[in-house]
Amino acid sequence: MYAEYRGKYYRVLHPRFTIVLGTLCTNNRVNFMPASWNTPISEEPPTVGVVVDKETFTNECLESLGEATINVPSDAQLQLVYNMGSVSGRDVDKVSKFSLELVPSTLVKPPGLKGSIAILESKVYEKIPVGEVNFYVFEVLLVKVLEGFVDEWSIDFSKTNVLLHGAGRVFHKVTPTKIFAKKP
Ligand SMILES: Cc1cc2nc3c(=O)[nH]c(=O)nc-3n(C[C@H](O)[C@H](O)[C@H](O)COP(=O)(O)O)c2cc1C
């Protein structure tokens, strides 16, 4: 038996892997915004899609400079990530408010966020407006990972963890145990 409901359809598609978009804005302000609606898209070219509400400062920044860093925060950054998603860079300088440390980028202008497990330097490949959001397709130009924190499959969950966003203030972690499917 299935119970039917209307409304928040996405509840059953959560938790979702949280990333933090780093941008640089016209006033030279570096800004960071968490986004859990994101996905890898293609390998060639290497692309990642991120949903960005049209009213965010990040959207404005991406429209002026089509570059970003896609930062993979660790669970140690839980409170920081939540705080960064609770205020707008239009109203506050998040770098000074949250004493953020930056990682200079190699190929793009926006810096990465120190403490991230990985930083993907990216440029906007395409912007697709859908309702109240833009779906940004980013081309990944360069990937940086914290040394020793990624194994042959993925992030090494025996060493760190990620933030899977449930809803609101709720996040989940990945169980470090690997389970293997049998070869068919
Ligand atoms: C865990 C988390 C995930 C979020 N995911 C998204 C998202 O995928 N897309 C989005 O537009 N906003 C998302 N938000 C909300 C933005 O981060 C929030 O509106 C932020 O204040 C925008 O900052 P800005 O105005 O400085 O760009 C999320 C917030 C949190 C805390």
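Any residue at all in segment 55-64 that is of a type in the set (Gly, Ala, Ser), modelled with pLDDT of 95 or more and more than 7 Å from the ligand (Cβ to nearest atom)? Within segment 55-64, one or more residues are of a type in the set (Gly, Ala, Ser), modelled with pLDDT of 95 or more and more than 7 Å from the ligand (Cβ to nearest atom).
Note on segment 116-149: among residues that are touching an Asp or Glu at 6+ places or on another chain (Cβ under 7 Å) and farther than 20 Å from Ser105 by Cα, the one that is surrounded by the fewest Cβ atoms within 10 Å (Cβ to Cβ) is Glu132. If only residues of segment 157-184 that are of a type outside the set (A, V, I, L, M, F, W, C) and within 11 Å of the ligand (Cβ to nearest atom) are counted, the one that is surrounded by the most Cβ atoms within 10 Å (Cβ to Cβ) is His165. Looking only at segment 65-106, residues that are free of Cβ contacts under 8 Å to residues at least 24 places away in the same chain, within 8 Å of the ligand (Cβ to nearest atom) and among the β-branched types (Val, Ile, Thr) come to 1 in all.
Annotation: of all residues in segment 35-51 being touching a strand residue (DSSP E or B) at 6+ places or on another chain (Cβ under 8 Å) and not hydrophobic (A, V, I, L, M, F, W, C), the one that is farthest from the ligand (Cβ to nearest atom) is Pro45. Within segment 9-30, the set of residues being out of contact with any helix residue (DSSP H, G or I) (no Cβ under 6 Å at 6 or more places or on another chain) and in contact (Cβ under 8 Å) with a residue 40 or more places away in the chain comprises Arg11, His14, Pro15, Arg16, Phe17, Thr18, Ile19, Val20, Gly22, Leu24, Arg29.
Could you please find all residues in segment 15-34 being surrounded by 18 or more Cβ atoms within 10 Å (Cβ to Cβ) and more than 7 Å from the ligand (Cβ to nearest atom)? Across segment 15-34, the qualifying residues are Arg16, Ile19, Val20, Leu21, Gly22, Thr23, Leu24, Cys25, Val30, Phe32.
The values are calculated or read from the model by the stated rules, or taken from the named source; none is laboratory data. Quick caveat: nothing in here was measured; it's all calculated off a predicted structure. Reconstructed Cβ throughout: ideal geometry from the backbone, glycine too, with neighbour counts over all protein chains shown.
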